[in-house]
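Here the structure comes first, spelled out in structure tokens, and everything after it is commentary.
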Ligand code: ADP
Ligand code: MG
């Protein structure tokens, strides 16, 4: 049974894309069949793990041009053109910015991505949707299509700023468009051994309680370098602290998915 997880936070630079890429790769390493859906017009998930930035058809083609979803799913290949086992992507680029506008006049515009992904959901174990830094129509589409939402929080000043608005959006969607939607958890990213980081962990734990994942992603320069080689951290620096953390995190994600599904 495929499970769809949106990675969402309307703040930019909190680690959404880094998490999508490396969680996706780690889950595939664990033997899960994974589809990364790049729903951000910046296309960072696409360029960060593939050479498909200008590939067409892409997500825009499926959303707006009615191209069948099967035609926009690509197996991921590494720099040597070798297929990365069990890892697939629906790529995006700046075209997708048009979709945010063009969808406005489409009937059932909030359900478009769900309609598309439901057709292939059962072909995968996990589908990860990267979303843009806004609460616009693309993020709403991602949340409507999802079983779970995963919220990355950067261990920085104002980490929780805007969170109440995100939670309000999630609750509205749960109430009106997708009863299924649950918060899978909150992931603390870019943690460093500073008082500030520690304060953010405490604040987040006070607010989200056991929704906070035990795994914390450290600030690790390797994680920020890997995308320029279109590599996941496991290819670029497999022994780094970042790789270690995302490997642990992937296990925790699978445990939670099983747990949450069992409760339903
Ligand atoms: P978002 O998708 O939320 O905008 P990104 O994943 O693109 O955030 O991360 C923002 C920036 O921070 C990127 O340059 C990324 O490489 C870097 N980054 C993300 N996570 C880490 C980390 N744990 N350690 C160091 N740099 C990171
Ligand atoms: Mg991003």
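We did not get these values from a lab; they are worked out from the coordinates using the rules stated. These numbers were taken from a predicted model, which means no experiment stands behind them. Ideal geometry is used to build each Cβ from the backbone, glycine not excepted, and the neighbour counts take in all protein chains shown.
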Check: Roughly how many Å is it from the Cα centre of segment 84-147 to that of segment 22-69, as a whole number?
Finding: 10 Å
Next item on the list: Pull out a ≥ b ≥ c, the square roots of the eigenvalues of the alpha-carbon gyration tensor of segment 115-158, then state rounded if a/c is under 1.5, prolate if not and a/b is larger than b/c, and oblate in the remaining case.
Entry: oblate
Next item on the list: Please build a GNM for the chain, connecting alpha carbons under 10 Å apart, and tell me which residue among 33, 168, 121 fluctuates the most.
Entry: 168
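Provide the gained length on full extension for the span residue 105 to residue 193, in nm with one decimal, where the gain is 0.36 nm per separating residue minus the Cα-Cα distance. Can you show the working numbers first?
Working: separation 88, 0.36 × 88 = 31.68 nm, distance 4.84 nm.
Contour length minus the Cα-Cα distance gives 26.8 nm.
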Check: In the chain, what percentage of the DSSP-assigned beta bridges are antiparallel, given to the nearest 5?
Finding: 10 percent
Check: Under a GNM of the chain (C-alpha, springs under 10 Å), which listed residue has the highest mean-square fluctuation: 164, 240, 61?
Finding: 164
Check: Build a GNM of the chain with springs between Cα atoms under 10 Å: which of 249, 148, 207 gets the top mean-square fluctuation?
Finding: 207
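Provide 189, 215 in ascending order of the number of other Cβ atoms located within 10 Å of each residue's Cβ, fewest first. List each step's numbers first, then the result.
On the way: 189 24, 215 18.
With the fewest neighbours first, 189, 215 line up as 215, 189.
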Next item on the list: Just rank 213, 108, fewest to most, by other beta-carbon atoms within 10 angstrom.
Entry: 108, 213
Check: How far apart, in nm, are two points set 7 Å out from the Cα along the Cα-to-Cβ line at residue 228 and at residue 64?
Finding: 3.1 nm
Margin query: Give me the percent relative contact order of the chain, please, defined on Cα pairs under 8 angstrom at least 6 residues apart.
Written below: 26 percent
Next item on the list: Could you list 210, 130 in order of exposure, starting from the residue whose Cβ has the fewest other Cβ atoms within 10 Å?
Entry: 210, 130
